[in-house]
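Working notes, structure below.
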Amino acid sequence: MMKLKYIAMTAALLLAPLGGASAAWVLGPSLSEGAADSIFTTEVTDRDGLHLKMPVVHGDNLLARARMNGAISARAASFEESLVKRNETWKTEGWISWQEGMAGKDSPYTSFLLITSTYPDRAAHPTSYAWPMTFDRLGHRVTVQDLAKKMPTLTVDEVNRQIEIQCRERKIPIFEEHHTIRRLPDTFYIGKDGHLYLVFQQYEIAPYSSGFIAIDMGRI
């Protein structure tokens, strides 16, 4: 049964349209599961239906490192707490994995994603959520409003326009009548190419079969 659950969860994650086959699943463009020279290592925990592959940030700035690792730990603790509550009424397994965007000793930002997934017993498929995190050199969280100050074209109207264009070009089905956003989303990452990608969750602007959708808003 456990093996079947892993297969089903992997299949569901692979529904995200990434425009090309890859040996390692990634949520969107310009991400990786960790390069050889990464500033991250991965800490693995596997116990009682909780399966974690968590990033650990390394670097010379101890305060920045502490801030980033603290944010990661807080998200993991919140997820574990919610999983415990779910299991009080229905047996549910949970996963956290991560993917790396812009990161490096000389990078202006450190950007990565935590992907949480829950799989209730006998459910048709898991439910997953992306938690992008972006920090400046001092380890302070960067918001989409911070980036909008540097990117005059980062407006709600332009985001809606890019959703239409990019989903049509990539043949991604979206909700034709209900996909329009009314504010800038706070879920984003900065890719290894220096581009800003806005992340739309499963069901947010498209059906489950479309997976996560990352919209490229150009170079920061």
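The values are calculated or read from the model by the stated rules, or taken from the named source; none is laboratory data. Since the structure is predicted, the reported quantities are computational estimates derived from the model, not experimental observations. Cβ coordinates were reconstructed from backbone atoms using ideal geometry, including for glycine residues, and neighbour counts include every protein chain displayed. Keep in mind that these areas ignore ligands, DNA and RNA; they rest on the heavy atoms of the full protein, side chains included. Shrake-Rupley method; radii C 1.70, N 1.55, O 1.52, S 1.80 Å.
Would a scan of segment 168-178 turn up a residue that is in contact with a His (Cβ under 9 Å, 6 or more places away or on another chain) and either of a type outside the set (D, E, K, R) or open to solvent by less than 20 Å² (accessible area, probe 1.4 Å) (or both)? No - not one qualifying residue is present in segment 168-178.
Filtering segment 136-157 to residues that are in a helix (DSSP H, G or I), in contact (Cβ under 8 Å) with a residue 24 or more places away in the chain and among the charged types (D, E, K, R) leaves nothing. Look at T187 and say whether it is of a type in the set (S, T, N, Q), without any contact (Cβ under 8 Å) to a residue 60 or more places away in the chain and crowded, with 18+ Cβ neighbours inside 10 Å. The answer is yes for T187.
Residue by residue, here is whether (1) buried (at least 19 other Cβ atoms within 10 Å of the Cβ); (2) touching a helix residue (DSSP H, G or I) at 6+ places or on another chain (Cβ under 6 Å); (3) of a type in the set (S, T, Y) holds:
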site	(1), (2), (3)
S78	no, no, yes
K105	no, no, no
S111	yes, no, yes
P126	yes, yes, no
F135	yes, yes, no
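Taking the criterion of being hydrophobic (A, V, I, L, M, F, W, C) and over 15 Å from T134 (Cβ atoms), the residues of segment 166-207 that qualify are C167, I172, I174, F175, I181, F200, I205, A206. Scanning segment 80-121 for residues that are of a type in the set (S, T, N, Q) and assigned to a strand (DSSP E or B), we see that the one that is farthest from I220 (Cα to Cα) is T92. Here A124 meets each of (1) within 28 Å of W25 (Cα to Cα); (2) touching a residue at least 60 places away in the same chain (Cβ under 8 Å); (3) part of a loop (DSSP other than H, G, I, E, B); (4) not charged (D, E, K, R) with one exception, condition (2).
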